[in-house]
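Data block below; observations after.
Read-outs: derived from the displayed coordinates by stated rules, not from any lab. For clarity, every value in this text was computed on a predicted model and none was experimentally measured. Here the Cβ positions follow ideal geometry from the backbone for every residue, glycine too, while neighbour counts run over all protein chains shown.
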Amino acid sequence: MKNRKERISFELCEYKTRVDDRLASWADQKLIQRLWRKDYTLWSAEPVVELADRLGWLILPKVEREVLDDLVVFAEKVRSDGITHVVLLGMGGSSLASEVFAKCFGSSPGYPELNVLDSTHPEAVRSLEDRLPLSNTLFCVSSKSGTTLETLSLFRYFWSRTNQLSEEPGKHFVAITDLGSSLESLAKERGFRAIFAAPPDVGGRYSALTVFGLVPAALIGVDIHKLIERARNAAENSVFSGLEADPAGIVLGATLGELSADRNKITLMTTPSLNSFSDWVEQLVAESTGKDGKGILPVVNEPIGFAEDYSKDRLFVGLFLDGENDGGLERLFDELSGLGHPIVRIHLEDMYDLGQEFFHWEVAVASAGVVMGINPFDQPDVQLAKAFTKKIMGDLEISEVENEITETPDAENLEALEISDHESLSAALESWISQAQAGDYVALQAFLQPSPQATEALQRVRKMLLDRTRLSTTLGFGPRFLHSTGQLHKGGPNTGLFIQLVDDPRNDCNVPETDLTFGQVIRAQAHGDYLALRKRKRRILRVNLQADAVNGLEQLQKLIF
């Protein structure tokens, strides 16, 4: 078996000297020791809140050992009670690690099936409901703050449905949240089966190895002891490494940071079973680095092209699972390296090595922030889209950005171009594409039901835009991406061309305990993000695919070429 330190390799071409110099400088500055001391001066001269109370993830691999046995016992009790399905209701950092466990590990024999719902599209809600045996389903309501609009709306919906079937609906719900949050109060008030308290000094996107990830993992039979043991090995390597053997996360962080000026797009490619891990990395990188006009754009699940077609603004990272057919990915990386592209290859012995990768990437992004001169633990631009959404929904309790939303370009013009208006849309597409410049990227923002059919159609549109513009492309379903790449879209460099796609849901449904429908919620979220992007003077085109989104996407393909 290979030594674990040898399972990541760096082929950095002309950037090697720059990265080596950075590592040598960090050794002189005792960066590793200062990181573990939670020294905020690595990122800021002043002790801002997000730095003082967001570094608890560094010690998670040691602290979490104390609660693992209790989580396993809880999971066994849930299974013995006849629960066959678990649904995670959450957004961003509260849901993406769970999705990794569901898709990378799957459920062990005899354990419940795990579904993650992070969409407010009414057809996504109804589609999941139709597949669930509600009397045998456990809902994990996951929110650090306890106030997340999407999570609370989804909770209200499934609470209403479960309440119609059970005299004790609370037995079908658990809360994963911070102590003292409004969700904790709600869970106590309604008699939830359990409340799992998250560490308050860990931000959402760094919380994969907290109860936000470990509760759902335990419920589907993942060996969380083994998972944390791998993370603990990575943490111990970070603590005890010297200059002659820099830990993988630190080297990766130096690479991300040093290349960010020239290669500010990190393209992640994986063997098939690791695909969902790249979605978790996407949020971590985008939301942590995309601010102050800076940022590293993660490009995940992009249709693979020929090596010679890629521009010189990318760093390539490959994740390979031993024994899995890579479909020619290693060969592509050889070709990319031969053409002078910097590449990183990460080889996992088995799926449990994801435990160490969670930790490696957290260290990497935190240390990249040192190079970039940013705070990797805040998300200052996320609130703007939320405030616009609240205003559109008639919520007068706008937060601290109220004065930012009083005067906004196009605030009265929220209507999208209809897919059926081929002439107007074709002209608008040409005008939008003509604004592309070298170094830009194209972002598809799909406020649609995230179905396999829609994903396939969107990937075809994405491939056409990639071929047409030769720019990096990203794809995100709304409102999910608002909690990940949304920060970079508005706080990062103004290099994005955005196309927002909405539809007219055929079957809307009410959000219980409110006067809203899910259709109204997702439309308000799309409008809110549109206004936030316009406020930041981004280049954005809005298209309404109307009632049949997949058919609308097929029409859009024809208009692009």
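Give the label of the value calculated from the structure for Rg/Rh (Cα atoms, Kirkwood Rh), choosing from (1) 1.32; (2) 0.98; (3) 0.95.
Derived directly from the coordinates: (3).
Please state the relative contact order of the stretch 1-160 as a whole percent: Cα pairs under 8 Å, 6+ residues apart? Numbers along the way, then the final one.
Values: 115 pairs, mean separation 32.9, N = 160.
Here the relative contact order equals 21 percent.
If I take R0 = 22 Å and measure r between the Cβ atoms of residue 421 and residue 467 in this structure, what FRET efficiency does the formula 1/(1 + (r/R0)^6) give, to the nearest 0.05? Intermediate results must be reported in sequence, preceding the final value.
Details: r = 25 Å, r/R0 = 1.12.
Efficiency for this residue pair is about 0.35.
At 18 angstrom or more along the helix axis (alpha-carbon based) and mean Kyte-Doolittle of -1.0 or higher, what helices does the chain contain? Whole DSSP H runs only. Each step should come with its number before you reach the end.
Numbers: long enough: 16-29 (20 Å, -1.26); 65-80 (24 Å, 0.08); 149-163 (21 Å, -0.28); 224-240 (24 Å, -0.34); 275-289 (22 Å, -0.31); 354-372 (26 Å, 0.91); 452-469 (25 Å, -0.74); 518-535 (25 Å, -0.23).
Passing helices, by number: 65-80, 149-163, 224-240, 275-289, 354-372, 452-469, 518-535.
Compute the normalised compactness of the stretch 25-135: alpha-carbon radius of gyration over 2.2 N^0.38 Å, N being the residue count. Each step should come with its number before you reach the end.
Working: Rg = 20.1 Å, N = 111, 2.2 N^0.38 = 13.2 Å.
This ratio for the stretch 25-135 stands at 1.52.
For the chain, what's the relative contact order in percent, using C-alpha pairs closer than 8 Å and at least 6 residues apart?
Working: 1046 pairs, mean separation 99.9, N = 561.
Answer for the chain is 18 percent.
For residue 28 and residue 304 in one chain, what is 0.36 nm times their gap in residues minus the Cα-Cα distance, to one decimal in nm?
Working: separation 276, 0.36 × 276 = 99.36 nm, distance 4.06 nm.
Working it through step by step, the gained length comes to 95.3 nm.
Using Cα pairs closer than 8 Å and at least 6 residues apart in sequence, work out the relative contact order for the stretch 193-289, in percent. List each step's numbers first, then the result.
On the way: 28 pairs, mean separation 17.4, N = 97.
Computed over the stretch 193-289, the figure is 18 percent.
May I ask for the distance between the Cα centers of the stretch 179-253 and the stretch 447-467, given as a whole number of Å?
Their Cα centres are 32 Å away from one another.
What are the residues whose amide H is under 5 Å from the amide H of residue 139, where those residues sit 5 or more places off or on another chain and H is modelled from the backbone?
Here the answer is 87, 173, 174, since their amide H atoms fall under 5 Å of that of residue 139.
Would you order 13, 104, 509 from fewest to most other beta-carbon atoms within 10 Å of each residue's own beta-carbon? Don't jump to the answer; show the numbers that get you there.
On the way: 13 11, 104 20, 509 15.
Placing the least packed residue first, the sequence is 13, 509, 104.
Which lysines have a Cα lying under 26 Å from the Cα of residue 77, excluding residues fewer than 8 positions away in the same chain?
Here the lysines satisfying the reach criterion relative to residue 77 are 62, 103, 144, 171, 188, 226.
Tell me the Rg and the Dmax, in Å, that the Cα atoms of the stretch 60-222 produce.
14.3, 43
Which is the longest part of the chain that has none of the GluC sites (Glu not before Pro) sitting in a DSSP loop with at most 16 other Cβ atoms within 10 Å? Please report the intermediate quantities before stating the final value.
Details: sites that count: 167, 324, 349, 397, 400, 407, 412, 415, 513.
For GluC sites (Glu not before Pro) (loop position, at most 16 other Cβ atoms within 10 Å), the longest site-free span of the chain is 1-166.
Using 1/(1 + (r/R0)^6) with R0 = 25 angstrom and r between the beta carbons of residue 84 and residue 190, what's the FRET efficiency to the nearest 0.05? It would help to have the intermediate numbers written out before the result.
Details: r = 23 Å, r/R0 = 0.90.
Result of the calculation: an efficiency of 0.65.
Can you put 522, 250 in order of Cβ neighbours within 10 angstrom, beginning with the fewest? Kindly include the intermediate steps, with their values, before the conclusion.
Details: 522 28, 250 24.
Going from least to most buried by this count: 250, 522.
Would you mind telling me the antiparallel percentage of the DSSP bridges in the chain, rounded to 5? Walk me through the intermediate numbers first.
Working: 6 of 61 bridges.
So the antiparallel bridges in the chain amount to around 10 percent.
Taking Cα centroids, how far is the stretch 507-561 from the stretch 78-97 in Å?
Rounded to whole Å, the Cα centres lie 27 Å apart.
How far is the Cα center of the stretch 134-162 from the Cα center of the stretch 294-372, in Å?
Value for the Cα centre distance between the two parts: 35 Å.
Divide by every residue of the chain the summed helix terms, -39500 (n - 2.57) for each DSSP H run of at least 4, and state the resulting mean residue ellipticity at 222 nm, rounded to the nearest 500 deg cm²/dmol.
Numbers: 21 runs with 242 residues, N = 561.
Result for the chain: -13000 deg cm²/dmol, rounded to the nearest 500.
Say a site is exposed when it is one of the trypsin sites (Lys or Arg not before Pro), sits in a DSSP loop, and has at most 10 other Cβ atoms within 10 Å; what is then the longest site-free stretch of the chain? Don't skip to the answer; put the middle values down first.
On the way: sites that count: 2, 537.
The reported range is 3-536.
Holding the Cα-Cα limit at 19 Å, pick out from 294/537; 265/490; 391/535; 291/490; 265/294 the pairs that are longer than that. Before the final figure, lay out each step's value.
Numbers: 294/537 16 Å; 265/490 16 Å; 391/535 15 Å; 291/490 8 Å; 265/294 12 Å.
Result: no pair exceeds 19 Å.
What is the local net charge at residue 135, summed over the other residues whose Cβ is closer than 12 Å to its Cβ (Lys, Arg +1; Asp, Glu -1)? Could you put the intermediate results ahead of the total?
On the way: positive: 161, 171; negative: 81, 167, 168.
The answer is -1.
Quick check: pseudo-label points 7 Å beyond the Cα along Cα→Cβ at residue 46 and residue 76, how many nm apart are they?
Between residue 46 and residue 76, the simple spin-label model gives 5.2 nm.
Using the 10 angstrom Cβ neighbour count as an exposure proxy, how do 41, 474 rank, fewest first?
Starting with the residue having the fewest Cβ neighbours, the order is 41, 474.
Taking amide H positions as placed in the peptide plane 1.01 Å from N, state which residues far from residue 443 in sequence (5 or more) or on other chains have amide H under 5 Å from it.
Those lying under 5 Å, H to H, from residue 443 are 474, 497, 498, 499.
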